[in-house]
Amino acid sequence: QVQLVVSGGGLVQPGGSLRLSCGASGSISSSYDMVWYRQAPGKQRDLVATINSGGSTNYADSVKGRFTISRDNAKKMVYMQMNSLKPEDTAVYYCKLVLNTPKGTYQYWGQGTQVTVSS
């Protein structure tokens with residue numbers, strides 16, 4: 001069983017920065033992908049950034065050049081550095097771990113953390 005704990009959300013002014021962290025507990029190997037999602041009020045949950053087990057990253061167009069996803073396999077953590085934040089970045093952010101095993105793929109969600117960008 002894998003559990004994820006998310007931290008780092010909060011209130012920040014436009015142009016400011018936040019760093020989200022997502023830590024995993026349980027018996028997992030480095031063969032996992034990590035994904036950040038966000039859900040703004042009244043909107044669907046959208047993919048923000050991904051990082052696979054090999055370290056390859058992908059970003060939504062709306063955050064390219066501003067957000068950076070990274071991982072620390074020794075600590076079983078994934079991070080998302082968010083710079084130049086905009087009011088439209090306001091959302092609940094979620095972390096998902098995708099565990100790849102010979103018997104199949106399993107997904108685990110962390111709790112949401114609120115990010116509010118406002119002056």
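Counting only protein heavy atoms and using a 1.4 Å probe, the accessible area of K75 comes to about 130 Å². For T50, the solvent-accessible surface with a 1.4 Å probe is about 30 Å², rounded to the nearest 10.
Protein heavy-atom surface of the chain, 1.4 angstrom probe: 46% of the accessible area is carbon and sulfur, with nucleic acids and ligands not counted.
A 1.4 Å probe over all protein chains sorts W36, W109 by accessible area into W109, W36, starting with the largest. Counting lysine pairs in the chain whose alpha carbons fall under 18 angstrom apart, excluding pairs fewer than 8 residues apart on the same chain, gives 4.
Placing +1 at every Lys and Arg Cβ and -1 at every Asp and Glu Cβ, with all other atoms neutral, what dipole size does the chain have around its Cα centre, in debye to the nearest 20? Let's see the in-between values first.
Working: 12 positive and 6 negative charges, 25 e Å.
Charge dipole, the chain, about its Cα centre: 120 debye, nearest 20.
The alpha carbon convex hull volume per residue for the chain rounds to 97 Å³.
With a 1.4 Å probe and every protein chain left in place, work out the accessible area per residue of the chain in Å², rounded to a whole number.
52
Between V35, V5, M82, the Cα set farthest toward the positive side of the dipole of the chain (charges on each charged residue's Cβ, about the Cα centre) is that of V5.
The values are calculated or read from the model by the stated rules, or taken from the named source; none is laboratory data. The structure displayed is predicted, hence computed values, not measured ones. Virtual Cβ from ideal backbone geometry, glycine too; neighbours counted across all protein chains shown. To get the accessible areas, we keep the full protein, side chains included, count just its heavy atoms, and leave off ligands, DNA and RNA. Shrake-Rupley method; radii C 1.70, N 1.55, O 1.52, S 1.80 Å.
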